[in-house]
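Report on one structure; see the data block that follows.
The values are calculated or read from the model by the stated rules, or taken from the named source; none is laboratory data. Owing to the predicted nature of the structure, the values given are computational and were not obtained by experimental measurement. Here the Cβ positions follow ideal geometry from the backbone for every residue, glycine too, while neighbour counts run over all protein chains shown. To get the accessible areas, we keep the full protein, side chains included, count just its heavy atoms, and leave off ligands, DNA and RNA. Shrake-Rupley method; radii C 1.70, N 1.55, O 1.52, S 1.80 Å.
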Amino acid sequence: MTGETGGDALRKRHIILVHEDAFAARYLADVLTHSGAAVTRLPACDLDAIVREAVSRQSALVVSDAAPDGAAITDTAAALGIPCVILRSARRASPGVTGACVPNAPFAGFQVVEMVNALLGPGSAAGTTPADPALHGQ
């Protein structure tokens, strides 16, 4: 991980952010947005809305494991093949949550950006929206 999140690291990507802490959610949304992503913050309590939004907009998810229904959200994402970064809380043990896209708190926003970018990979369809070509002049 480089610590650099160029202005277009996540260009044309849509990210759904689910986090129980308003400060952390605002921080992550700012970092993701400054990296070129369109970010939608949704409450964890609305699993149907999260899944509907993720599928319709081909989004990636960034979900805190401490968010209400965080496990249900990540399980559903895995079942549907939705790319997901799971943020592991420092105050919770998450024994079933492992992998390259599971940063342990404390972590920096650039690490989340790099993990989302690695999940989506170059040329991934995830995150593109019909508005993007007009927005970016392509």
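Suppose accessible area is computed on protein heavy atoms with a 1.4 Å probe; arrange H19, H34, H14 from highest to lowest.
Descending accessible area places them as H34, H19, H14.
With each pseudo-label sitting 7 Å past Cα toward Cβ, what's the Y27-R11 distance in nm, one decimal?
So the two model labels end up 2.8 nm from each other.
Taking 30 Å as R0, compute the FRET efficiency from the Cβ-Cβ separation of H34 and N104 and round it to 0.05.
About 0.85, to the nearest 0.05.
When the solvent-accessible surface of protein heavy atoms is calculated with a 1.4 angstrom probe, in what order do D21, D75 fall, highest first?
Greatest to least solvent exposure: D75, D21.
R41's amide H: which non-local residues (gap 5+, or another chain) put their own amide H closer than 5 Å, with H modeled 1.01 Å from N in plane and none for Pro or chain starts?
The list, which skips near neighbours in sequence, is L17.
Residues with amide H under 5 Å of V85's amide H, sequence separation 5 or more or different chain, H placed in the peptide plane at 1.01 Å from N; which?
Counting only residues 5 or more places away or on other chains, the set is L61, V62, V63.
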